[in-house]
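Nothing in this text is a laboratory measurement; each read-out follows from the coordinates by a stated rule. Predicted model only: the values in this text are computed from it and were never measured. Every residue, glycine as well, gets a Cβ built from its backbone with ideal geometry; the counts of neighbours run over all protein chains shown.
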Amino acid sequence: MPAISNIVCPVCGCCCDDIEVIVKDNGIAEVRNACALSAAKFEHYSTHRNTSPLVRKNGELVKVSLDEAIERSAQILAGSSYPILYGWSSTSCEAIKVGLELAEEVGGVIDNTSTVCHGPSILAIQEVGLSGATLGQVRHRADLIIYWASNPWSAHPRHMERYTALSEGRFQKGIWKRLSLRLHADSVRKRISRIAELIFKRGTSPLPPKESRAERHRLSVEERKVIVVDVRRTRSADIADYFIQVEPGEDYAILQALRALIRDEELDVEEVAGVPVETLEEIADIMIDCKFGVLFFGVGLTMSRGKLRNVDAAIKLTQDLNKRTKFIIMPMRGHFNVTGANTVFTWQTGYPYAVDFSHGYPRYNPGETSVIDILRRGDSDAALVVASDPVNNFPQKAVHSLVDNPLIVIDPHLSSTALMADVVIPSAFVGIEAEGTAYRMDHVPLPLRKIVDPPEGCLPDEEILGRILKQVRELRNETA
Amino acid sequence: MKVSLVTGRTIDQGCGKEYGKLSKEYTESVAICEMNPEDMKMLKVRDGDRVKVATEHGSVVVTAKKSRRIRLPGTIFIPYGPWANLILASDTDGTGMPLLKGVRADVEPTDEQVLDLQDLLVQSYGQIKTLRRD
């Protein structure tokens, strides 16, 4: 069986474009080069799947024809005065474009999942800007890689391998060799200390105290280095040369302390948020000494106390560093096309998320026009959810408000939101059963491929939305 | 015991969601609470026991899991999912983003069972619009 190569992975914001798939009988027999998340999707996408359109009748979801489900959806949207159109990060840019047209037609609010992800990052970027680069530049040139409040090992498993520490760049080598030596040394050290504990009993081990990792390895200035800053000692932190443990909600203090140190100011305290100033001074020196540094930050900054102000401080830190060296900053985007959602929203309406069409023109005011706030206030009277599962991912009060009103779900999976919906329209998996465009986290657009045919009756999101839009227009013309 | 609740991604949660939200793998990956071993000792909770995590917005029963990766005592970690979201606030302080990390919570051992996804939805959101099995 021939392998289909160079497939773009439709899972996380890394959008790895080297996936190989072996297709047998219109199914995926094998997937290569994939991480655990990608393999789980390619190998299991068809389990727990719903392939029939469903409409709620007498409290139960019953199978109906696609035409009936689309008609019911159009009636709900055309009959509502302030509907929410939410999701969009796990579908193609082409579908998002139709979604925006639909939002404008029905005078609703359209919001994407960045509202509960990197929304605060966008707010900070709009205030203070962002120095960026593509991941290719990072791979070839970055000699200092910082993951702040981000755990790529779990959320973006191949990020380090393809774009940063473990990749072989043109001007920068991967840290594989150093890492494997270190892991080996660590395991020997653990074994010795376990034996010593057995001999000398717990707590009386005669082994000298552990030196800091940096002292042990004495990294040269030229070597590629990795720093991880996080609340937990994640597996990503195990790979790092330096790990700084932050107390939850204290990132802002540490970022500002680093800014002061980089500007050669003295800190008259011994520690900041539990981190010794000596450690911060060491980190500040490494930052200044690098040739090309990159700070990847995760939602640990946006979802904790301070939210956009944390990101604001991180961006200003890179701005300060750019006076001494070259430094860029990039958010670690979660879904494979959340960057595309922001991009399409922006070139269509002028705003990246939380766009309100109720006045007839696009209006943007996160905190007011963002989906969680609308649901919390109970302002909306219907919702259309595309390729997302807000019942699983929104706080309880918001979910109550969402499911109390008519709810339409377009999703290939039978998600929790689909279980609570009034209309469920099964769609094709974009990137597996339908083609389209996605934007990688560094804003590079990549083509998503169609590898197998979708089950009969499962259309791509773009087509389903197009049919709903057509019917909504017809209904509105009839009433006008 | 008073703790700081952090929610987030794990690789198991990432795989579980691709297996399907109704899969056993998904429930097992997200209806858990990772805790510092010291905290577990203090609460007299062992790996696999149930704990009730409560905030001012509600409470939820999840399975305790020992994690040496949580080195700060008084910090607990629950992966993203409906179990964690039941006890989080929807207030966004005017930013559009609710507080999902570093939330004040209480943890205590419990004998109550961990609900499966469908039961959790029924209990939390009342009438679930169920799927007719035919």
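Provide A:Ser415, A:Ser358, B:Ser29 in ascending order of the number of other Cβ atoms located within 10 Å of each residue's Cβ, fewest first. Walk me through the intermediate numbers first.
Numbers: A:Ser415 26, A:Ser358 16, B:Ser29 20.
Ascending number of Cβ neighbours within 10 Å: A:Ser358, B:Ser29, A:Ser415.
When a/c is below 1.5 the answer is rounded, else prolate if a/b is larger than b/c, else oblate, so apply that to segment A:418-480 with a ≥ b ≥ c taken from the square roots of the Cα gyration tensor eigenvalues.
Values: a/c = 2.25, a/b = 1.63, b/c = 1.38.
Note, shape of segment A:418-480 comes out prolate.
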What does DSSP give for segment A:119-331 in terms of the percent of beta bridges that are antiparallel, rounded to the nearest 5? 10
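Would you mind calculating the relative contact order of segment A:119-331 from Cα pairs under 8 angstrom and at least 6 residues apart, reporting the percent as a whole number? The partial results should precede the final answer.
Working: 323 pairs, mean separation 67.0, N = 213.
So the answer I get is 31 percent.
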With both partners inside segment B:2-125, how many of the DSSP beta bridges are antiparallel, as a percent to the nearest 5? 65
What would the Debye equation give as log₁₀ I(q)/I(0) for the protein assembly as shown at q = 0.06, 0.07, 0.10 Å⁻¹, counting only Cα atoms as equal point scatterers? -0.32, -0.43, -0.90
Footprinting exposure proxy for B:Asp119, A:Asp442, A:Asp320 (fewest neighbouring C-beta atoms within 10 Å first): B:Asp119, A:Asp320, A:Asp442
How long are the semi-axes of the ellipsoid equivalent to segment A:350-480, from square roots of 5 times the Cα gyration tensor eigenvalues, in whole Å, largest first? 25, 19, 18
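Which semi-axis lengths, in whole Å and largest first, follow from the square roots of five times the eigenvalues of the Cα gyration tensor of segment A:265-421?
Numbers: eigenvalues 314, 68, 49 Å².
Taking √(5λ) for each eigenvalue gives 40, 18, 16 Å, largest first.
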Under the Karplus relation 6.51 cos²θ - 1.76 cosθ + 1.60, θ = phi - 60°, what is the ordered set of whole-Hz ³J(HN,Hα) values for segment B:65-76, x standing for Gly and Pro? 9, 6, 9, 7, 7, 8, 8, 7, x, x, 10, 10
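Estimate the FRET efficiency between A:Val269 and A:Ser193 by the formula 1/(1 + (r/R0)^6), using the beta-carbon distance for r and 25 Å for R0, to the nearest 0.05.
In this case the efficiency is close to 0.15.
Name the helices (complete DSSP H segments) of chain A with a Cα length along the long axis of 15 Å or more and a Kyte-Doolittle mean of at least 0.0, or state none. It would help to have the intermediate numbers written out before the result.
Details: long enough: A:66-79 (19 Å, 0.16); A:93-106 (20 Å, 0.59); A:176-200 (35 Å, -0.18); A:251-262 (17 Å, 1.08); A:277-289 (18 Å, 0.54); A:308-321 (20 Å, 0.04); A:338-349 (16 Å, 0.16); A:461-479 (27 Å, -0.97).
Span-like helices here: A:66-79, A:93-106, A:251-262, A:277-289, A:308-321, A:338-349.
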Per-residue Cβ counts within 10 Å, from other chains only, averaged over A:396-404: what number is that? 5
Sorted by packing (mean other beta-carbon atoms within 10 Å per residue), highest first, where do A:346-354, A:248-256 land? A:248-256, A:346-354
Report for chain A the percent antiparallel among DSSP-assigned beta bridges with both residues inside it, nearest 5. 40
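Sum up the charges of everything whose Cβ sits under 13 Å from the Cβ of A:Thr115, counting Lys and Arg as +1 and Asp and Glu as -1, but leave A:Thr115 out. Provide the component values of the computation, followed by the final result.
Working: positive: A:Lys307, A:Arg376; negative: A:Asp111, A:Asp356, A:Glu368, A:Asp373.
With Lys, Arg at +1 and Asp, Glu at -1, the net is -2.
Taking 45 Å as R0, compute the FRET efficiency from the Cβ-Cβ separation of A:Leu475 and A:Lys326 and round it to 0.05. Walk me through the intermediate numbers first.
Details: r = 56 Å, r/R0 = 1.24.
Between A:Leu475 and A:Lys326 the formula returns 0.20.
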At q = 0.12, 0.18 Å⁻¹, what base-10 log of I(q)/I(0) does the Debye formula yield for segment B:1-127 when every alpha carbon is treated as an equal point scatterer in vacuo? -0.42, -0.97
Could you list A:Asp25, A:Asp18 so that the one with the fewest beta carbons within 10 Å of its beta carbon is first and the one with the most is last? A:Asp25, A:Asp18
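Within a Cβ distance under 9 Å of A:Leu144, other residues only, what is the Lys/Arg minus Asp/Glu net charge?
On the way: positive: A:Arg224, A:Lys225, A:Lys291; negative: A:Asp143, A:Asp289.
Taking every other residue near A:Leu144 into account, the sum is +1.
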Amide H proximity to A:Leu85 below 5 Å, modelled H, separation 5+ or other chain, gives A:Val109, A:Ile110, A:Asp111, A:Leu384
Give the relative contact order (percent, whole number) for chain A; include only Cα pairs under 8 Å separated by 6+ residues. 26
Residues with amide H under 5 Å of A:Glu223's amide H, sequence separation 5 or more or different chain, H placed in the peptide plane at 1.01 Å from N; which? none
Between A:Gln137 and A:Arg49, how many nm apart are label points set 7 Å from Cα along the C-beta direction? 4.0
Other protein chain Cβ atoms within 10 Å, averaged over every residue that makes up B:83-93: 6
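Pairs of Cα atoms under 8 Å, at least six residues apart: use those to get the relative contact order of segment B:2-125, whole percent. Before the final figure, lay out the partial values.
Working: 240 pairs, mean separation 44.1, N = 124.
For segment B:2-125, the relative contact order is 36 percent.
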Candidate cut points under trypsin sites (Lys or Arg not before Pro) in segment B:37-110, DSSP loop plus at most 11 other Cβ atoms within 10 Å of their own Cβ, are B:Lys44, B:Arg46, B:Arg68
Quick one: which residues, 5+ away or cross-chain, put their amide H under 5 Å from the amide H of A:Val62? H built at 1.01 Å from N. A:Val55, A:Arg56, A:Lys57
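Could you work out the helix-only [θ] at 222 nm for chain A, with each DSSP H run of four or more residues adding -39,500 (n - 2.57) and the total divided by the number of residues, to the nearest 500 deg cm²/dmol?
Details: 20 runs with 195 residues, N = 480.
-12000 deg cm²/dmol, from helical runs alone.
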Inter-centroid distance (Cα atoms) of segment A:170-203 relative to segment A:240-286, Å: 26
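Can you tell me the length gained on complete extension of the stretch A:Tyr361 to A:Lys450, counting 0.36 nm per residue apart and subtracting the Cα distance?
On the way: separation 89, 0.36 × 89 = 32.04 nm, distance 3.54 nm.
Additional length available on full extension: 28.5 nm.
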What would the Debye equation give as log₁₀ I(q)/I(0) for segment A:119-331 at q = 0.16 Å⁻¹, counting only Cα atoms as equal point scatterers? -1.10
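Could you pull out the GluC sites (Glu not before Pro) across segment A:441-480 that fall in loop regions by DSSP (anything but H, G, I, E, B) with no more than 11 other Cβ atoms inside 10 Å? Mind showing how you got there, number by number?
Working: sites: A:Glu456, A:Glu462, A:Glu463, A:Glu474, A:Glu478; in loops: A:Glu456.
Loop-located and lightly packed - A:Glu456.
Return the average number of partner chain Cβ atoms within 10 angstrom of each residue Cβ along peptide A:230-243. Intermediate values should be presented prior to the final figure.
Details: counts 3, 11, 12, 6, 4, 3, 0, 1, 1, 0, 0, 0, 0, 0.
The shielding value for this peptide is 3.
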